[in-house]
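Trainee: Just passing along the structure, written as structure tokens.
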Amino acid sequence: MQLIESVLVLLVLVQLIFLFINKKEKQSLAFVGLGLLAFHFILGEGRWQMSFLYLIEVILIGIYLKRTKSSRWMRVIGCFFAVILTVASAILAYALPVFSLPSPTGSFNVGLEKLYIPVNSREETITENPSDKRELMVNVWYPTKDPTEVNSPYLPQVERVGFATKYGLPPAALNYLNKVETHHQRDAQPADGQFPVLIFSPGYYTPASGYLSIIEDLVSHGFIIFNIIHPHETMGIEYPDGRNVFFDMAFNEANSWGWNDDVSSAVNTLQSSNDNNEKRKATAQMAKTYGKDIVKRWAADMGSVIDRLTQLNSDPSFRLQGKLDLDRLATYGHSVGGSAAIEAAIFDERIKAAVNLDGAQWGSLIDTVLNKPAALISSSATYGQPDVNQYIFEKSLGKNFQNLVLRNSGHSNFSDIPFMIRVPQLNEAGSISPTIAAQNTTAFLNAFFKKYLLDETIDLDDWVDSNPYLMHRE
């Protein structure tokens, strides 16, 4: 909770105690509460999580100012429910906080540009209209020397609505995120020079912009990041003409990621067999079906973005004209986005390196070798699922491959979700601090990409061995 919210909680509890004490100070407490509430709302700090507390405080102010008398039993019953509602407000405020993002550690400030990329050469296979073409929106995060005078809001409204829908909340439930301070601004002047390019793909059914704890820091160290918003499969996307497209639940339920009897049989083998050869065959069987289509679709999106960048880099109307060092380009992503990052790197020679953040590597890697620098950072939580990556990546293990685990982490610790939702049963995070998880993930990505894109002399094995939160996977 914020400081003023904590003070309000304490004030309500004191006022409830004073209901049982004959003191002249009662009326003074009413004026204190009135002033504190007014100050709270004048600052624009009010939020729905504290609604129960506001209601109790208004009732108490009325009781004290009117000097209303009631029986002791009425006061006891009233206090009982007031305490319950106060605790409920405190829990809601804690579970859905106004959080602080880690401050970027690099020398650059961060700018944001929105980019619309229609891909007329590719059919949109998710919608029912056969004439629909793939349309991508991309957040372009880039280094700037402009001072960050007006911070951009956290998450665009369309992603907030999609997020609220996922968790069964009213559309306006996440408007309190306006109070979260970011470290970037729209339409800033790019910094001088060229910068290496990273193509980033988010997780499935996530807010695609909800990775600022990592993105802002990486950009501050001199990278340009193209953050793809995949239509129909992330929480929400807004096109320049005003159209909003949300996660397509009907498509998701109808396709089930390619689940069939063969996949079910493979899962049973992975969970029950002690024979590595049997598990290896089951993994190969599963990887060729389950999740394959989405991984290939998102990898193709990455390729489409790279195609467009080669045109934009010489376009005078593009804010970042000439700033993209396309000879130093890599992909990375989280969950399915991480799988797509590796998939794209297998077939696209323009991609020099790739990192998968806790994604099961469905797709083509099971049948081939990735002869490029790559890394897999897994969470330490398994959620009772079989470890398919140990078999999928085994052909690609080598001196340019880092197979790592982030200690005490969960699947969402590679995103902002643990900042946004503090309830472990909902956020799929581990016990590691969200800030520590983001800082150490970013530090590795920074070292990895500087080694393989900027040719800096960095011994990644030594780097990992000296890090208390990352470890090599056995």
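The values are calculated or read from the model by the stated rules, or taken from the named source; none is laboratory data. Computed from a predicted structure; not experimentally measured. Cβ placement follows ideal geometry from the backbone for every residue including glycine, while neighbour counts extend to all protein chains displayed.
Trainee: With respect to the numbered conditions (1) in a loop (DSSP other than H, G, I, E, B); (2) touching a residue at least 60 places away in the same chain (Cβ under 8 Å); (3) of a type in the set (Lys, Arg), which one is the sole condition not fulfilled by ARG308?
Mentor: Evaluating ARG308 over (1) in a loop (DSSP other than H, G, I, E, B); (2) touching a residue at least 60 places away in the same chain (Cβ under 8 Å); (3) of a type in the set (Lys, Arg) leaves (1) as the failure.
Trainee: Let me ask something else about it. Given (1) surrounded by fewer than 16 Cβ atoms within 10 Å (Cβ to Cβ); (2) more than 19 Å from ALA93 (Cβ to Cβ); (3) touching a helix residue (DSSP H, G or I) at 6+ places or on another chain (Cβ under 9 Å), identify the lone condition not met by SER71.
Mentor: (3)
Trainee: Sticking with this structure for a sec: Residues of segment 392-406 being modelled with pLDDT of 90 or more and crowded, with 18+ Cβ neighbours inside 10 Å, which ones?
Mentor: At the first step, the residues of segment 392-406 found to be modelled with pLDDT of 90 or more are 392-393, 400-406.
Passing the criteria: ILE392, PHE393, GLN402, ASN403, LEU404, VAL405, LEU406.
Trainee: Residue by residue through segment 430-465, note down the ones that are over 28 Å from PHE195 (Cα atoms), assigned to a loop (DSSP other than H, G, I, E, B) and without any contact (Cβ under 8 Å) to a residue 40 or more places away in the chain.
Mentor: Within segment 430-465, SER431, ILE432, SER433 qualify.
Trainee: If I filter segment 203-223 for residues that are assigned by TED's automatic domain parsing to the domain that holds GLN321 and in a strand (DSSP E or B), do I get at least one hit? Break it down into steps so the answer makes sense when it comes.
Mentor: We begin by selecting, within segment 203-223, every residue assigned by TED's automatic domain parsing to the domain that holds GLN321; these are 203-223.
The next check asks that each one be in a strand (DSSP E or B); those that pass are none.
No.
Trainee: Just to check your reading of the model, which residue among ILE392, ILE377 is touching a strand residue (DSSP E or B) at 6+ places or on another chain (Cβ under 8 Å) and touching a residue at least 12 places away in the same chain (Cβ under 8 Å)? Show your work before the answer.
Mentor: Numbers: ILE392 fails: touching a strand residue (DSSP E or B) at 6+ places or on another chain (Cβ under 8 Å).
Within the list ILE392, ILE377, the selection yields ILE377.
Trainee: Kindly check whether there is at least one residue in segment 57-66 that is more than 23 Å from TYR176 (Cβ to Cβ) and loosely packed, with under 13 Cβ neighbours inside 10 Å.
Mentor: yes
Trainee: Could you tell me which residue of segment 387-406 is farthest from the chain's Cα centre (by Cα), considering only residues that are of a type in the set (D, E, K, R) and part of a helix (DSSP H, G or I)? Write out each step before concluding.
Mentor: At the first step, the residues of segment 387-406 found to be of a type in the set (D, E, K, R) are 387, 394-395, 399.
Filter once more, keeping what is part of a helix (DSSP H, G or I): 394-395.
Numbers: GLU394: 29, LYS395: 30 Å.
Once the filter is applied, the top-ranked residue is LYS395.
Trainee: While we're looking at this one, here's another question. Let me spell it out: the conditions are (1) surrounded by 24 or more Cβ atoms within 10 Å (Cβ to Cβ); (2) closer than 24 Å to ILE214 by Cα; (3) β-branched (Val, Ile, Thr); (4) out of contact with any Asp or Glu (no Cβ under 8 Å at 6 or more places or on another chain), and VAL295 meets all of them except one. Which number is the exception?
Mentor: (4)
Trainee: Could you tell me which residue of segment 6-17 is nearest to ALA95 (Cα to Cα), considering only residues that are out of contact with any His (no Cβ under 8 Å at 6 or more places or on another chain) and in contact (Cβ under 8 Å) with a residue 12 or more places away in the chain? I'd like the intermediate steps shown before the answer.
Mentor: Just the residues of segment 6-17 that are out of contact with any His (no Cβ under 8 Å at 6 or more places or on another chain), to begin with: 6-7, 9-17.
Filter once more, keeping what is in contact (Cβ under 8 Å) with a residue 12 or more places away in the chain: 7, 9, 11-16.
Values: VAL7: 18, VAL9: 16, LEU11: 21, VAL12: 20, LEU13: 21, VAL14: 24, GLN15: 25, LEU16: 25 Å.
Filtering segment 6-17 for residues that are out of contact with any His (no Cβ under 8 Å at 6 or more places or on another chain) and in contact (Cβ under 8 Å) with a residue 12 or more places away in the chain, the one nearest to ALA95 (Cα to Cα) comes out as VAL9.
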